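The values are calculated or read from the model by the stated rules, or taken from the named source; none is laboratory data. Everything numeric in this text was worked out from a predicted model, so none of it was measured. When we count neighbours, we look across all protein chains shown, and the Cβ atoms used for this are built from the backbone with ideal geometry, even at glycine. Please note that ligands, DNA and RNA were not included when accessible areas were found on the heavy atoms of the full protein model with its side chains. Shrake-Rupley method; radii C 1.70, N 1.55, O 1.52, S 1.80 Å.
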Amino acid sequence: QVHLVESGGGLVQAGGSLRLSCTTAARTFSTYDMGWFRQAPGKEREFVGAINRNGGSLLYADAVKGRFTISRDNAKNTAYLQMNSLKPEDTAVYYCTLGLVGNFVRAVVDTATSYRYWGQGTQVTVSS
């Protein structure tokens, strides 16, 4: 019932910036906590960050903390991942996801199985 559409990926040089967007027509968007994950070829899906349903709580993976910022605009049913100071190791397919994670703590929000709905992903490639 919830279809997520991602956009904003592309090719960027190291040190550059991209902003990913994730939007849905679902009216229930604001009732879900939201996460961003990424997956590089041959690697497991990796937690990037999460934001709770009202935007008041955020958690980030150490690898992106200070460089990436998650936000959401519930009036637009849209979430964002602003990525600055990009590094080649950030290269991956980035996925947005919605779920009811319950207790909004790292051990829960960094687990992919905590989420229910997933976008198809958008490729981010950072060149050196």
With a 1.4 angstrom probe the carbon and sulfur portion of accessible area for the chain, in percent, totals 47
Here, Asp73 and Leu58, labelled 7 Å along Cα→Cβ, have an inter-label distance in nm of 1.6
Sorted by accessible surface (1.4 Å probe, heavy atoms of the protein chains only), largest first, Arg27, Arg38 come out as Arg27, Arg38
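Within the range 48-128, list the trypsin sites (Lys or Arg not before Pro) lying in a DSSP loop whose Cβ has at most 16 other Cβ atoms in a 10 Å radius. Write down the numbers at each step before the final one.
Numbers: sites: Arg53, Lys65, Arg67, Arg72, Lys76, Arg106, Arg116; in loops: Arg53, Lys65, Arg67, Arg116.
When the trypsin sites (Lys or Arg not before Pro) of the range 48-128 are filtered for loop state and at most 16 Cβ neighbours within 10 Å, Lys65, Arg67, Arg116 remain.
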The farthest towards the positive end of the charge dipole of the chain, of the residues Tyr80, Ser30, Tyr94, given +1 on Cβ of Lys and Arg and -1 on Cβ of Asp and Glu, is Ser30
To the nearest Å², the heavy-atom accessible area per residue of the chain with 1.4 Å probe amounts to 50
Relative contact order as a percentage, the chain, C-alpha pairs under 8 Å and 6+ apart, gives 35
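Roughly how big is the chain's charge dipole about its Cα centre, with Cβ charges of +1 (Lys, Arg) and -1 (Asp, Glu), in debye to the nearest 20?
It works out to roughly 220 debye.
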Contact order relative to length for the range 7-79, counting C-alpha pairs under 8 Å separated by 6 or more residues, stands in percent at 28
